[in-house]
Amino acid sequence: MTGNYPRWLLRLLSRPPLFFYRLGLGALLGRKVMLLTTTGRKTGIPRTTPLQYERYRGAYYVGSMRGASADWYKNLVADPNVSLQIGRKTIRGRAEPIEEPEKVFEFIRYRLDKNPVMIGAILRFDGLSSAPDENELRDYARGLTLAAIRAEG
């Protein structure tokens, strides 16, 4: 979720989900991974990024491993009109960047409560304890970014 991960590593990890979607097998990933298409802030060209997502409070939430420096995040800040592909379904939406630590904390707490094994592993990978307390999670939430995407129409 945080990060100073090398850009080449993140791009390498994004290839399998893109490949599955392009083969028409997005339904296999659609319960966990969406394709987010933003408009390039410099080029105006559509840019597609596979992201893990969560339905939360009536929106699709995605987090950035690179924080506010991720290209897809910068793109949706510049132009919040996006499209999502989840399985075989395409949804047009409007993104709302979320950088407030308390809102990020609430989302992480929700995800950890919902899926302690997977989210716990991600948190451990990022250097947190195996059972982080409220203060550790609040510290972790500082500097992280999310986006809430609400379907239009």
Filter the range 103-119 for residues that are in contact with a helix residue (DSSP H, G or I) (Cβ under 7 Å, 6 or more places away or on another chain) and farther than 29 Å from Arg92 by Cβ; which is surrounded by the fewest Cβ atoms within 10 Å (Cβ to Cβ)?
-> Arg109
Can we say Pro132 is more than 20 Å from Leu51 (Cα to Cα) and crowded, with 18+ Cβ neighbours inside 10 Å?
-> yes
Filter the range 29-76 for residues that are surrounded by 15 or more Cβ atoms within 10 Å (Cβ to Cβ), within 16 Å of Pro97 (Cα to Cα) and of a type in the set (A, V, I, L, M, F, W, C) and give the result.
-> Leu36, Leu51, Ala59, Val62, Met65, Ala70, Trp72, Leu76
In the range 135-153, which residues are under 21 Å from Ala95 (Cβ atoms), surrounded by 13 or more Cβ atoms within 10 Å (Cβ to Cβ) and touching a residue at least 60 places away in the same chain (Cβ under 8 Å)?
-> Gly143, Leu144, Thr145, Leu146, Ala147, Ala148, Ile149, Arg150
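Values in this text are rule-based calculations from the coordinates and carry no lab data. Predicted model only: the values in this text are computed from it and were never measured. Here Cβ is always computed from backbone atoms with ideal geometry, including for glycine, and neighbour counts include all displayed protein chains.
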